[in-house]
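Taking it in order: structure first as structure tokens, then the write-up.
The values are calculated or read from the model by the stated rules, or taken from the named source; none is laboratory data. These numbers were taken from a predicted model, which means no experiment stands behind them. Note: ideal-geometry Cβ built from the backbone for every residue, glycine included; neighbour counts use all protein chains shown.
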Amino acid sequence: MKDEELFEKLSYTRKNVYDVISKKEKSEMLDLCDEYREFLDMGKTERECVDLAVKMAKKAGFKPLDDFKTLKAGDKVYRINRGKNIFMAIIGTEDIENGLNICGAHIDSPRLDLKQNPLYEQDGMALFKTHYYGGIKKYQWTALPLSMHGVIFTKTGEKVVINIGEKPDDPVFCITDLLPHLAQSQMTKKMSEGVAGENLNILIGGMPTGKDVKERIKFGILKLLNEKYGICEPDFLNAEIEIVPAFAARDVGLDRSFVGAYGQDDRVCAFTTLKGIIDTKKPKKTAVAILVDKEEIGSFGNTGMKSAFFEMSVAELIEKIKGSCDMTVYNRVMSNSACLSSDVNAAVDPTYESVYEKNNSAYAGCGMCIVKYTGARGKSSSSDANAEFMYKVEKIMDDNNVVWQSGELGKVDEGGGGTIAQYVANLNMDVVDCGVPVLSMHAPFEVTAKTDVYMAYRAYKAFYKDR
């Protein structure tokens, strides 16, 4: 063997997915990404993602877990938690005490939430006050068309679903920005201070209504909301209304090699996880998918990964398979289980190369990314996968022709971030982060390579089949 060939064999080299996939695989990739764009357009909130997941699950033969008194190999089940989580499982042919194969993703994304008392009138306009959710660059949210999604309960107990701004004939909303002619002071500030959180106010109207009303524009908005939805201002105190970009997912690039859309962190991994378990046939180990909320704010609350929903669902699986679930059996199942924390990583951006350590970063178009550890700076808040599990995952990918790469989240001292992996690891199971590289992460318009979306789907499907 020539030295050049030996060097290539011994070295770690990334592959561009287009160089290794067949014409048939490329066609499968394009079909998958067409479906993915539709998923993004219809699932801009956690509740909407869960609704879509239920439709996909039912179509594939999954049934509510509560419908089963006992479970056997091949049964497909799902369970919903408060409309914001979904747990799905296919019962395997092996004893469940041998462990589960789990893929877990989050379906919340950075956004703006309406405050509890949001509506006010000022200077001839009606506006909504917001509270931003997750890590955003606040200036990116100004001067964009925005839509309004969520639920609100009227005083009579009626649940009203809000979705305004997505249809072609819908009105949209926006946060106005300061014109450059008057922005001399603003533009001398740090980027993080150029737009204050309290100034992320949504323009929602300007038409006066009524004669003997002090705030005629506010009255006009309240009247419209009451006539169309039966809503009164006090109803906003219970509401969950999210403000998100109003534009649709699009192909990016003359060659259409990328997908651009809001919310790809982490709905790109949620979608591919869903497709992976739906397309899994007769797994040996019980296959589980869990889509959770609140990851962007620390996974707290009864719909985050720190809640007991996942553990309670696993305990019920055990009980319905084995007839009972004592602590010893439960602990054995958890200890023998393994999880891919299906979350995105940062793709190297050629415009901002200085923040990446390029030998240890992910590249768009080079496949699904395995991230041994996350965290900030000195691996703070990290789950660091052990060598034994890393080898197993890498071998599964290689054996199933999944193009993958290794990556970190930028240079050591530049920042970093965490995922649900750390909370899964606390259950005493093996876990590693495994997902899609993203450009412009946390921006209103994020970008992923179609090849990487396709390889993530293949990775999760292979993991369900082969561990």
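Checking the structure you have, find out if any residue of segment 430-453 is among the hydroxyl-bearing types (Ser, Thr, Tyr), modelled with pLDDT of 95 or more and out of contact with any strand residue (DSSP E or B) (no Cβ under 9 Å at 6 or more places or on another chain). Yes, there is a match, as at least one residue in segment 430-453 is among the hydroxyl-bearing types (Ser, Thr, Tyr), modelled with pLDDT of 95 or more and out of contact with any strand residue (DSSP E or B) (no Cβ under 9 Å at 6 or more places or on another chain). Of all positions in segment 318-328, none carries a residue that is of a type in the set (Ser, Thr, Tyr), more than 21 Å from residue 285 (Cβ to Cβ) and part of a loop (DSSP other than H, G, I, E, B).
For beta carbons closer than 7 Å, sequence separation of 6+ or different chains, a first residue in segment 181-193 that is assigned by TED's automatic domain parsing to the domain that holds residue 140 and a second that is of a type in the set (Phe, Trp, Tyr) and at pLDDT 95 or above, the qualifying pairs are 191/139. Does segment 46-57 include one or more residues that are surrounded by 20 or more Cβ atoms within 10 Å (Cβ to Cβ) and in a loop (DSSP other than H, G, I, E, B)? So far as segment 46-57 goes, no, none of its residues is surrounded by 20 or more Cβ atoms within 10 Å (Cβ to Cβ) and in a loop (DSSP other than H, G, I, E, B). If we scan segment 86-101, do we find a residue that is assigned by TED's automatic domain parsing to the domain that holds residue 365, more than 27 Å from residue 322 (Cα to Cα) and in contact with a helix residue (DSSP H, G or I) (Cβ under 7 Å, 6 or more places away or on another chain)? No, segment 86-101 contains no residue that is assigned by TED's automatic domain parsing to the domain that holds residue 365, more than 27 Å from residue 322 (Cα to Cα) and in contact with a helix residue (DSSP H, G or I) (Cβ under 7 Å, 6 or more places away or on another chain). The residues on offer are 349, 343, and the sole one that is acidic (Asp, Glu), over 25 Å from residue 466 (Cβ atoms) and surrounded by 15 or more Cβ atoms within 10 Å (Cβ to Cβ) is 349. Can we say residue 128 is touching a Phe, Trp or Tyr at 6+ places or on another chain (Cβ under 9 Å) and closer than 16 Å to residue 262 by Cβ? Spelling it out, it is not the case that residue 128 is touching a Phe, Trp or Tyr at 6+ places or on another chain (Cβ under 9 Å) and closer than 16 Å to residue 262 by Cβ.
The residues of segment 1-41 that are of a type in the set (A, V, I, L, M) and within 29 Å of the chain's Cα centre (by Cα), listed by number, are 17, 20, 21, 29, 30, 32, 40. Restricting to segment 216-259, name every residue that is small (Gly, Ala, Ser) and more than 30 Å from residue 102 (Cβ to Cβ). Scanning segment 216-259 gives 220, 230, 239, 246, 248, 253, 257. In the set (1) free of Cβ contacts under 8 Å to residues at least 24 places away in the same chain; (2) in a helix (DSSP H, G or I), the condition left unmet by residue 275 is number (1). Within segment 363-389, residues that are modelled with pLDDT under 85 and surrounded by 14 or more Cβ atoms within 10 Å (Cβ to Cβ) reach partners that are β-branched (Val, Ile, Thr) and in a loop (DSSP other than H, G, I, E, B) with beta carbons closer than 6 Å, at six or more positions or on different chains, in the pairs 374/419; 382/374. Among the residues of segment 15-28, are any outside any helix (DSSP H, G or I) and touching a Gly at 6+ places or on another chain (Cβ under 8 Å)? Looking for residues that are outside any helix (DSSP H, G or I) and touching a Gly at 6+ places or on another chain (Cβ under 8 Å), one finds at least one in segment 15-28, hence yes.
Residue 60 meets each of the listed conditions (1) under 26 Å from residue 404 (Cα atoms); (2) of a type in the set (Gly, Ala, Ser); (3) at pLDDT 95 or above apart from (1).
The single condition from (1) in a helix (DSSP H, G or I); (2) of a type in the set (Asp, Glu); (3) surrounded by fewer than 23 Cβ atoms within 10 Å (Cβ to Cβ) that residue 413 fails is (1).
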